[in-house]
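Structure first, commentary second.
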Amino acid sequence: MLFRQLLDPETSTYTYLVADPIFGEAALIDPVLEQVDRDLTLVKELGLTLTHVLETHVHADHVTGAGLLRERTGCQVVASMKGASCVNVHVRHGEQVRVGGLAFWVLATPGHTDDSLSYLVGDCLFTGDALLVRGTGRTDFQNGDAGQLYDSITRVLFLLPDETRVYPAHDYQGRMMTTLGEEKRFNPRLAGKDRAAFIQLMSGLHLPPPRNLELAVSANRACGLPAELSQH
Ligand code: FE2
């Protein structure tokens, strides 16, 4: 499996290129509109064909590159049944997306948003904003629900092996990955906290809304392209 972690420094968003070098097929997870040229250059340099964009959720802090990538490459855009209607493939918990010989297992992990998915390929878990390094996504907008997020993390993600490598959609302190075992032990929002304590903690965060929340969400519901350009 070929793997690259890419950063959009403006929004601290991680995009992941995951490919099967034998088949020459690649997926981009959570691409950012402003980084589409960078990402396509890398795909081309590595001799790959972009077949899929996998969205973990409708983002509120940046605009997705999915629509532009689809326009440029003809790739399929994959997201939750509850996600943006502009995507080609709506998936649900337990389904599989195949990229060359790679199988991406879809795990529904709602709570940060109601459409949040995680993707598991081999021992790599892409958690979007459900589980972050020593943190979690916020739960105070986009149908977020702290109790649901606690259940997604503890009853879905934490059932996977402790060694599972976790790649989040963001980190604001330069941390690039973690493992489930580490997060069980050291995540300050989860370690030693029951469901009620987690809900209480999340309701007391009082975070400022992201810049451009409304703009980003409405753009992302159109896959990052103005409605008239969106193909689906
Ligand atoms: Fe998010």
Quiz item: If one computes the Cα centroid of segment 147-172 and of segment 189-216, what distance in Å separates the two points?
Solution: 15
Quiz item: Counting DSSP beta bridges in the chain, what percent are antiparallel, to the nearest 5?
Solution: 65
Practice problem: Return, in residue-number order, each cysteine of the chain whose C-beta is not under 4.7 Å from any other cysteine's C-beta. | Solution: C75, C124
Self-check item: segment 2-208: relative contact order in percent, alpha carbon pairs under 8 Å with at least 6 residues between
Solution: 15
Exercise. Under 13 Å Cα to Cα from K193, which aspartates and glutamates show up? Leave out anything in the same chain fewer than 8 places away.
Key: D151, E183
Quiz prompt | All aspartates and glutamates inside 17 Å of K82 as judged from Cα atoms, apart from same-chain residues fewer than 8 positions distant | solution = D30, E55, E95, D114, D115, D129, D145
Quiz item: Working from the pairwise distances between different alpha carbons, so that the mean of 1/r is found and then inverted, what is the chain's Kirkwood radius in Å?
Solution: 17.5
Quiz item: Between rounded, prolate and oblate, where does segment 1-118 land on the alpha carbon gyration tensor, with a ≥ b ≥ c its root eigenvalues, rounded for a/c under 1.5, else prolate if a/b exceeds b/c?
Solution: oblate
Practice problem: Report the one residue of L33, A191, L125 whose Cα lies farthest in the direction of the positive end of the charge dipole of the chain (charges on C-beta: Lys and Arg +1, Asp and Glu -1; origin at the Cα centre). | Solution: A191
Quiz item: If contacts are Cα pairs under 8 angstrom and at least 6 residues apart, what is the relative contact order of segment 154-231 in percent?
Solution: 17
Quiz item: Of I153, I199, I22, which has the largest mean-square fluctuation in a 10 Å C-alpha GNM of the chain?
Solution: I22
Practice problem: Determine the dipole magnitude for segment 2-208: charges of +1 sit on the beta-carbon of Lys and Arg, -1 on that of Asp and Glu, nothing else is charged, the reference point is the Cα centre, and the result goes in debye to the nearest 20. | Solution: 340
Exercise. Would you work out which of L159, N143, L213 lies farthest towards the positive end of the dipole of the chain, given +1 charges on the beta-carbon of Lys and Arg and -1 on that of Asp and Glu, about the Cα centre?
Key: L159
Practice problem: Subtracting the Cα-Cα distance from 0.36 nm times the residue separation, let me have the gained length for M1 to H90 in nm, one decimal. | Solution: 29.6 nm
Quiz item: Just T127, T41, T164 to compare: in a GNM of the chain, with alpha carbon springs under 10 Å, which one fluctuates most?
Solution: T41
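With a sphere of radius 10 Å drawn around the Cβ of T15, what net charge do the other residues whose Cβ falls strictly inside it have (Lys, Arg +1; Asp, Glu -1)?
For residues surrounding T15, the net value is -1.
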Practice problem: Could you compute the FRET efficiency for R38 and N212, with r as their C-beta to C-beta distance and R0 at 30 Å, rounded to 0.05? | Solution: 0.90
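Taken together, the values in this text are just the output of simple stated rules run on the coordinates, not laboratory data. Just so it is clear, the structure is predicted and the values come from calculations on it, not from any experiment. Ideal geometry is used to build each Cβ from the backbone, glycine not excepted, and the neighbour counts take in all protein chains shown.
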